[in-house]
Amino acid sequence: MIRLTETEVFGFWAALRDMRNPMESWSKSDSRFGDSNVDQGFRVKIPEFPEIGKNDLELACKLIKGGTEHRKFLRQIIINFVIEAPRYVWQEIDTYKVATVRNSCSTMHKLGHRPLTVEDFIDGEVLPDTLRELNRLGQEYREGGKKDYDVVRKMKRYLPEGFLQRAGYHMNYETAMSMFRQRKGHRLAEWRWTGGVKIVDGRQSICDWIFSLPYMAVFLDAAGEIARPAG
């Protein structure tokens, strides 16, 4: 499974304030904010420490039910996190290119700088012959003074899709909800929602991680997205 760590969520204060702009109903706001870091199992850092009040939560859920044109406040709630995932998962994450930033480790710059091990691949799965050939090419690259980029290009061609790549990722709650809606029943365990938060050896699926974010379960419920999966 993949790893999602160093999660930071912020923007609740501005989002809840601005969702009241259309009706100028700021006086009805009843949320409170403080300065805190909250560990929710995924070590989620929440600088504002929001306690959303009943009035604000009712309005937020009403706007969410109204559709994307009404729930613009979700785009103001920001998520920054670090994800380590195999290349076949990154291909699907890269579907979400609106209002996202991916700052990843580079195989072009760093592949071949050190020997690879089974730990560099999802669940330690890599064909022994493939690993040996990658490391033979890596040694050739290092002995050549790290100038032969033809060797690196060959390594990239041979690199399995199970190779783990780390990146910092930036998105908002609307994008996260889109991921959940479109991927919660995915055939890949790296995406699939298990019906709650499931962590194995510090690892979890993307949809379980999304579900665990502050107030996300309430928002997903308002959007009609969390009917419990079969089985």
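If the condition is being assigned to a strand (DSSP E or B), closer than 19 Å to ASN80 by Cβ and open to solvent by 20 Å² or more (accessible area, probe 1.4 Å), then the range 1-32 contributes ARG3, THR5, GLU6, GLU8, PHE10. With a requirement of 1 or more residues that are among the aliphatic types (A, V, I, L, M) and in contact with a Gly (Cβ under 8 Å, 6 or more places away or on another chain), the helices (runs of 4 or more DSSP H) lying completely within the range 111-211 that satisfy it span 128-143, 149-158. Considering every residue within the range 160-180, establish whether at least one is under 20 Å from PRO86 (Cα atoms), at pLDDT 95 or above and open to solvent by 70 Å² or more (accessible area, probe 1.4 Å). Scanning the range 160-180 turns up at least one residue that is under 20 Å from PRO86 (Cα atoms), at pLDDT 95 or above and open to solvent by 70 Å² or more (accessible area, probe 1.4 Å).
Taking the range 57-79 as the range and being surrounded by 19 or more Cβ atoms within 10 Å (Cβ to Cβ) and either at pLDDT below 95 or touching a strand residue (DSSP E or B) at 6+ places or on another chain (Cβ under 9 Å) (or both) as the test, the residues that pass are LEU74, GLN76, ILE77, ILE79. Taking the criterion of being under 20 Å from the mean Cα position of the chain (by Cα) and part of a strand (DSSP E or B), the residues of the range 42-86 that qualify are LYS45, ILE78, ILE79, ASN80, PHE81, VAL82, ILE83, GLU84, ALA85, PRO86.
What residue, among those in the range 114-150 that are polar (S, T, N, Q) and over 14 Å from ARG87 (Cβ atoms), is least open to solvent (accessible area, probe 1.4 Å)? Here the residue is ASN135. Here TYR96 meets the list (1) at pLDDT below 95; (2) exposed (fewer than 15 other Cβ atoms within 10 Å of the Cβ) almost entirely, failing just condition (2).
For ARG153, the conditions (1) out of contact with any strand residue (DSSP E or B) (no Cβ under 9 Å at 6 or more places or on another chain); (2) open to solvent by less than 50 Å² (accessible area, probe 1.4 Å) all hold with the exception of (2).
The values are calculated or read from the model by the stated rules, or taken from the named source; none is laboratory data. Not measured: the values here are computed from a predicted model. Heads up, the Cβs are rebuilt from the backbone with ideal geometry, glycines too, and the neighbour counts pull from every protein chain shown. We work out accessible area using only protein heavy atoms, side chains counted, and drop any ligands, DNA or RNA first. Shrake-Rupley method; radii C 1.70, N 1.55, O 1.52, S 1.80 Å.
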